[in-house]
Amino acid sequence: MCTVCGCGTAALENGGKPEEDKAQSHSHTHRHSHSHGHGDHRHDHDHDHDHDHTHDHDHDHPHGHTHDHGHDHDHPHDHVHDHHHDHAHAHPHHAHGEGGEKLDFGAGLAGVHVPGLSQERIVQIERDILSKNRSHADVNRAHFAETGVLALNFVSSPGSGKTTLLVRVIEDLKDRQKIAVIEGDQQTSNDAERIRATGVRAIQVNTGKGCHLDAHMIGKALETLAPSQNSLLFIENVGNLVCPAAFDLGEAHKVVLLSTTEGEDKPAKYPDMFAAADLMLLNKSDLLPHLDFDVGACIGHALRVNPNLQTLVVSAKTGEGLAAFYAWIEARAARKKVVTKKAG
């Protein structure tokens, strides 16, 4: 997963960024005064952080030398910056695999490598991030349960055909199901506009540098979108087969798309996503006559990663396999429905 990639810079389509708790936004002053034996230099810094505190530090560091910086004044460097430096260096696992050597940077405890951080530190950061996300996901999940909304999180690599498939699904189901859509992309509202052209409501969430949607973004989108009771909510995640696997949005199911143009070993290369999904749609089946693609081998790779994964071969263009997909959706929607008690 991404622990340091800048995720969390999301903006809703209306231009407003989701607000964090306003109590988190205030400043504090760090005052550091240090003498190095060749002049005193005081630095006052104002930083915006999550809490109020003031630190006064006075340290004497006599030196028998001077610092020449090519300036007309002395720089005694009389401020100290407290940085967390983790000097544990994780080394990649060096193995001799089939056909040659390989470096495995995912063989450690954390399953990921970040220069300058130990595996233990990465695990702690990941736990903190996912714990906060899970609390937002639980709120979303409770909302879906109360309103009878079936939320499906569609995930895939870029270009697998998620939006095209959703447009086809919406056109086929909108006369018998209430549908709303949350679209996730780093930039543009192109996909949301395509969805709105079908006549259903959609909101675009731009993640900026972020490579996935998270539960807080979904919660903010729900405030604007307000899906109807007993409706379908389709969430189209950012095109990425890595990070979205780790982030629970409160959805009922992850639906992973894999197109026949991507390579049949994709589930083996990106196992976390296929392990997290409940349904795999092998899309663009209409192209199979023109491709060297082994459907059986692809499904085999997926089932070795996740023996409980359900699979359907579909085509958004011809409609192949979509009847079975609609039956899968409607069976689960029926279980989620809530009955509104009549007054009196």
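The values are calculated or read from the model by the stated rules, or taken from the named source; none is laboratory data. What you are looking at is a predicted structure, and each value in this text was computed from that prediction instead of being measured. Neighbour counts are summed over all protein chains in view; Cβ atoms, including those assigned to glycine, are modelled from backbone coordinates with ideal geometry. To get the accessible areas, we keep the full protein, side chains included, count just its heavy atoms, and leave off ligands, DNA and RNA. Shrake-Rupley method; radii C 1.70, N 1.55, O 1.52, S 1.80 Å.
General observations
- Looking only at residues of segment 180-202 that are crowded, with 22+ Cβ neighbours inside 10 Å and β-branched (Val, Ile, Thr), we find that the one that is farthest from residue 334 (Cα to Cα) is 195.
- Only a single item in (1) open to solvent by less than 20 Å² (accessible area, probe 1.4 Å); (2) in contact with a Lys or Arg (Cβ under 6 Å, 6 or more places away or on another chain); (3) part of a helix (DSSP H, G or I) is not met by residue 329, and it is number (2).
- Residue selected from segment 207-231 under the condition outside any loop (DSSP other than H, G, I, E, B) and open to solvent by less than 30 Å² (accessible area, probe 1.4 Å), by the criterion nearest to residue 180 (Cα to Cα): 225
- Among residues of segment 291-308 that are closer than 15 Å to residue 281 by Cα, those with a Cβ under 9 angstrom from a residue that is open to solvent by 70 Å² or more (accessible area, probe 1.4 Å) and of a type in the set (Lys, Arg), sequence gap 6+ or separate chain, pair up as 301/269.
- Within segment 226-246, tally of residues that are in contact with a Phe, Trp or Tyr (Cβ under 7 Å, 6 or more places away or on another chain) and not hydrophobic (A, V, I, L, M, F, W, C): 2
- Which listed residue is of a type in the set (A, V, I, L, M) and out of contact with any strand residue (DSSP E or B) (no Cβ under 9 Å at 6 or more places or on another chain), from 200, 167, 205, 181: 167
- Pick from segment 232-252, criterion among the hydrophobic types (A, V, I, L, M, F, W, C) and in a loop (DSSP other than H, G, I, E, B), ranking: most open to solvent (accessible area, probe 1.4 Å): 242
- Single match in 268, 276, 334, 323 (criterion: open to solvent by 20 Å² or more (accessible area, probe 1.4 Å) and in contact with a His (Cβ under 7 Å, 6 or more places away or on another chain)): 268
- For residue 159, the criteria (1) touching a strand residue (DSSP E or B) at 6+ places or on another chain (Cβ under 6 Å); (2) within 28 Å of residue 327 (Cα to Cα); (3) open to solvent by 10 Å² or more (accessible area, probe 1.4 Å) hold in every case but one, which is (1).
- Remark: pairs (first residue in segment 161-178, of a type in the set (A, V, I, L, M, F, W, C); second residue assigned to a helix (DSSP H, G or I) and open to solvent by 70 Å² or more (accessible area, probe 1.4 Å); Cβ separation under 9 Å; 6+ apart in sequence or on different chains) = 166/194; 167/194.
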